[in-house]
Amino acid sequence: MNTYGRISAPRLATLLGSWRQGSRQGAAALAAAVELQVLDGHLPVGTQLPAERELAQALGVSRTLIGAALDRLRESGLVASRRGAGSWITPPGTSRGQETFFPRDGEDIDLVCAAPPAVPGITRAVDAARGALVEQLGHTGYGERGLLVLRERIAQRYTERGLPTSPAQIMITNGAHHAFGLTVRMLANPGDRVLVDQPTYPNALEAIRGAHALPVPVALDAEGWDFAGIEAALRQAAPRLAYLIVDFHNPTGLLMDDEGRERLAALLTKARTPVVIDETLVELDFGDEPAPKPFDAGEWSILVGSASKSHWGGLRLGWIRASEEVLSRLSSSRFGLDLGSPVFEQLVLAELLADPEPLRRRREDVRRQRDALAQAVRTHCPEWTFRLPGGGFWLWCKLPAPMSTGLAVAAASHGVQLAPGSRFAAHGGLERRLRLPFSQPPEVLDEAVRRISLAAAAVRGSARPVT
């Protein structure tokens, strides 16, 4: 159960805007304005509302009007209240009195899943997609490549980033992980080796093992990629495939520059090794420095992307950018797994990609959460060190002792779910490392790190020898 924190009265007043619009039905108009913000994603389920007095002052209305509006929202099941605890947003249609999403003290905070809620504005995209759906109803709804309108918009984004791309070079998938799974299925046979970063995305390691292939790790250092190590692994292990993350790397947050991309592309081309470049985080660039161009090793590169971090994981959509020849082979391989991605969700994503505002808001929110998490770590865990990333979704913290697994176990008893460093390694280790995602609101992140600091103190205390 996630808590999205408390929204301040001034912030809520700003969101509501000109909600009265000359109406004499003040309470009804205010309730309708709050409902619109919930449906549009600006007030996630679990958000605690300001006290009536604070909100009345911020809006310049009476507490009687605020109380009447809250009564309407409670009757509709959109708001729940408890004496002494205030009011909070509940799912539309929740029966009156149901308190499933009340943000209670002591509930678990999930820092394993590094995924945000839907971007504000997604309901507008859903409404627009509903109109566009009419044109699709006369077709079968199947298509292994995906809808043309979505492929066009993804191709346009690549072209704008400096990699000319046509819709024929795009395949829509059920997420980036699905895209990687398709590629492994097509290119790697049981016993083949797959070059990976160390550390790397845990689910990619599981996909490699699921194909009965063997991950071959090359360690990243504090400055980034070990190109000499990659060259040696390509020569000595002869991997059938490589899987790398060069944009706000998971979990280190590192970003490979243009010079590094050119060097890596040359190494892979020379070795004739196909590479999957995971671009799941590429859109979460905070603009601290000029964005590098997309990785390009010609026919040897397969780029996979996703809407899960940039817009919403609930869409379950990703894509592959590759040569037409590679996509033709992937299409044949795909028939053994599925027959295409859902049409309506593709229409929704196409609408979202046509509007830059949701992504702009996402970047602002995530950057604010990054800064809040960094401050929380500095405050509650001052012995920990980390590099502040210019994008992405996590801090890769260096711990003062090899305690990552023990800390994850201890943190669970303090109500925080953590992934130990060993999960990001091909063969274990990384006990001095911990990934902390900043995909939660600032108040939740501060509370999570406060709890983690208590768990860390307990772990380190238990590790001290008895004197």
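Every number here is computed from the coordinates shown, using simple stated rules; none is lab data. It should be emphasised that the depicted structure is a prediction, and the values quoted were computed from it without experimental measurement. When we count neighbours, we look across all protein chains shown, and the Cβ atoms used for this are built from the backbone with ideal geometry, even at glycine.
Descriptive notes on the structure:
- As computed over segment 146-283, the Cα convex hull volume per residue (Å³): 110 Å³
- Within the chain, longest stretch clear of exposed GluC sites (Glu not before Pro) (DSSP loop, no more than 16 other Cβ within 10 Å): 224-382
- Cα centroid separation - segment 306-341 against segment 56-75, whole Å: 47 Å
- Centroid-to-centroid separation of segment 407-467 and segment 209-270 [C-alpha atoms, Å]: 28 Å
- If both residues of a DSSP beta bridge must be in the chain, then about 50% of such bridges are antiparallel.
- Calculated SAXS-style log₁₀ I(q)/I(0) at q = 0.16, 0.22, 0.23, 0.29 Å⁻¹ - segment 226-287, Debye, Cα scatterers: -0.53, -0.94, -1.01, -1.34
- Under 29 Å from the Cα of Lys293 - lysines, other chains or at least 8 residues apart: Lys270, Lys309
- Fewest-first ranking of Val449, Val246, Val126, using other Cβ atoms within 10 Å as the exposure measure: Val126, Val246, Val449
- Exposed-site-free run, longest, the chain (rule: chymotrypsin sites (Phe, Trp or Tyr not before Pro); DSSP loop; at most 15 other C-beta within 10 Å): 143-334
- Relative to the longest principal axis of the Cα atoms of the chain, the long axis of helix 122-136 makes an angle of roughly 60 degrees.
- Here the Kirkwood formula puts the hydrodynamic radius of the chain at 24.1 Å, using every distinct Cα pair.
- Normalised by the number of residues in the chain, the mean separation of alpha-carbon contacts (under 8 Å, six or more apart) gives a relative contact order of 17 percent.
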